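All remarks here apply to the structure that follows.
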Amino acid sequence: MDELRQILVFYKILKDKAEFISNYFELISTIAKKSTEILTQAIQIPRDSSWNDMNLISLIEGGEKQRDTYEQSLLMHNNISNDLKDLMYQINEEISIIEINLSEVIKQNEQQLKELDEAKKAHLHSWMKNKDPWLTDIRLKMAIKNMYTYEKNNTSIISNMISIYNDKFLNTQDLYLQIITKFCKSQKILFNNLYDVSHVKINTFTEKDKFFDAVSDTKKEIIEAKVINAYEGIITNLSNELIKKNINIYKNIEPIKFGICKLKKGITGDWILLFISVTRSRFIHFFDFQNIPKLIQKHSSIIKKLKMSNNKSFIGLFDAKRKFLNQNDEKNIMLLAKDVCDNIDKLINKIYISINLQDKSIKIDKDRNIITVDEKSQNGISSIFGINMLKIKMFSLGSCYDIYFAMQEKIETQTFECEQELTKQLPCSTGKGRVIKIEEENPWTN
């Protein structure tokens, strides 16, 4: 009987859960119902059809799709609520049957105990009043027998009920879980559909506004072509004027090498993280690239790591040999440098320093990946304190050699006078050049 009572407790807990879910569904359904009503009102706001505004049409279509989505959601909620009502009815029915059977068994047990108690008292009374105990003895035996007979029957009934309602409870619990799962799936479908319909494509200019020369993709291409043609024409004219003055304008002026480095001016200066570019005209330019938010956000991890490395003004030999960058980091540095180079037009006014490499002494310390740029002939205070000296710290030996040998490259003598037409310039393309006699052998050539 205790087991049947436990099953009854489980049913009542499940009933409480179902009532909670029913109240929850009712409120959630209210959201869908109210949203449907409000969206219907919104899309019916009067508007002038002569506007022919595609953006407004897109918004209205999006509102209609949202309304339809909420209507479908409301139907799903109603179906689920009906399933839940059926489940609650089933739970109440099964609880009622169990309680009736338990009540009947308890009532029979109480009746048999009462009859047994009366038989015991009657038998005792017969001995006390000098009556024949034989008759009361028979009644006592009958009461005892009836009690155990009913107990056996009730035990059989209870065992059968336990078997039946244990299985029924498990099935009912499965129905409850199915309803919860169906509701969760319906919510997922709702959110996915709302996500899809919320992405309304907005045109910068409407069809009517295009009268005012809105820039379409085709017009952008036309503008780009005009820019290129105008540039080529201007450069050709400038070249002709300079040639008349015996000044050659060189075609290959784009950077031959670029990268990310740390720069220190003088002996006591701090190391600053910069972008370095070496051009064919034998100039080196350093840019502060940390003013481009999107670029900083995209490469925040490697930039943070580079900033943390050797911020002190003195970098010792053992510091340099302590490797803090892995191959993946070096790859990320190259990607950062490429992105900076692609955005060089945004940094043109952020030049940190530019150096003409003519008459400069250039040395490399390959143990520390440091390139030193200094005046070939210095005297006085400048010579003692290294005022004009620049130290360029690269983050790998390969990039250090690339920049070092790019600094040694001669200007090509090919000019526009020798060309039939101007070749299109690439802002950060790499190229090969002749290396003049230098102090260090180039490790990248055979």
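Results, tabulated for the structure shown:
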{"read-out": "Tally, over the stretch 66-92, of residues that are surrounded by fewer than 17 Cβ atoms within 10 Å (Cβ to Cβ) and within 30 Å of the chain's Cα centre (by Cα)", "value": "2"}
{"read-out": "Some residue of the stretch 93-112 being in contact with a Lys or Arg (Cβ under 9 Å, 6 or more places away or on another chain), assigned to a helix (DSSP H, G or I), of a type outside the set (A, V, I, L, M, F, W, C) and surrounded by 13 or more Cβ atoms within 10 Å (Cβ to Cβ)", "value": "yes"}
{"read-out": "Every pair of residues 6+ apart whose Cβ atoms lie under 7 Å, when the first sits in the stretch 331-350 and is assigned by TED's automatic domain parsing to the domain that holds residue 294 while the second is small (Gly, Ala, Ser)", "value": "337/259"}
{"read-out": "Test: residue in the stretch 42-57 that is touching a helix residue (DSSP H, G or I) at 6+ places or on another chain (Cβ under 6 Å), buried (at least 17 other Cβ atoms within 10 Å of the Cβ) and in a helix (DSSP H, G or I)", "value": "no"}
{"read-out": "Candidate set from the stretch 351-366 (those that are among the aliphatic types (A, V, I, L, M) and within 41 Å of the chain's Cα centre (by Cα)); member that is farthest from residue 394 (Cα to Cα)", "value": "351"}
{"read-out": "Lone qualifier among 260, 267, 228 - being of a type outside the set (Ser, Thr, Tyr), at pLDDT 70 or above and touching a Gly at 6+ places or on another chain (Cβ under 6 Å)", "value": "267"}
{"read-out": "Pair list, Cβ < 7 Å and 6+ apart or interchain, from the stretch 228-246 residues that are surrounded by 10 or more Cβ atoms within 10 Å (Cβ to Cβ) to residues that are assigned to a helix (DSSP H, G or I) and modelled with pLDDT under 75", "value": "236/416; 239/416; 243/417"}
{"read-out": "Any hit, the stretch 81-88, residues being in contact with a helix residue (DSSP H, G or I) (Cβ under 8 Å, 6 or more places away or on another chain), closer than 18 Å to residue 166 by Cα and not acidic (Asp, Glu)", "value": "yes"}
{"read-out": "Selected residue (only one of 147, 161, 76 is of a type in the set (A, V, I, L, M) and either outside any helix (DSSP H, G or I) or under 30 Å from residue 188 (Cβ atoms) (or both))", "value": "76"}
{"read-out": "Residue 312, sole failed condition from (1) within 30 Å of residue 360 (Cβ to Cβ); (2) at pLDDT 70 or above", "value": "(2)"}
{"read-out": "Condition met for residue 152 (in a helix (DSSP H, G or I), basic (Lys, Arg) and modelled with pLDDT of 85 or more)", "value": "no"}
{"read-out": "Test: residue 152 is of a type in the set (Lys, Arg) and in contact (Cβ under 8 Å) with a residue 12 or more places away in the chain", "value": "no"}
{"read-out": "Residue list for the stretch 155-165, restricted to those being without any contact (Cβ under 8 Å) to a residue 12 or more places away in the chain and of a type in the set (Ser, Thr, Tyr)", "value": "155, 156, 159, 163"}
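Residue-by-condition table, conditions (1) in contact with an Asp or Glu (Cβ under 6 Å, 6 or more places away or on another chain); (2) modelled with pLDDT under 80; (3) among the basic types (Lys, Arg):
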{"site": "59", "(1), (2), (3)": "no, no, no"}
{"site": "88", "(1), (2), (3)": "no, no, no"}
{"site": "101", "(1), (2), (3)": "no, no, no"}
{"site": "105", "(1), (2), (3)": "no, no, no"}
{"site": "114", "(1), (2), (3)": "no, no, yes"}
{"site": "118", "(1), (2), (3)": "no, no, no"}
{"site": "121", "(1), (2), (3)": "no, no, yes"}
{"site": "124", "(1), (2), (3)": "no, no, no"}
{"site": "131", "(1), (2), (3)": "no, yes, yes"}
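The values are calculated or read from the model by the stated rules, or taken from the named source; none is laboratory data. Please read all numbers here as calculations on a predicted model, not as lab measurements. Backbone-built Cβ (ideal geometry, glycine too); neighbour counts: all protein chains shown.
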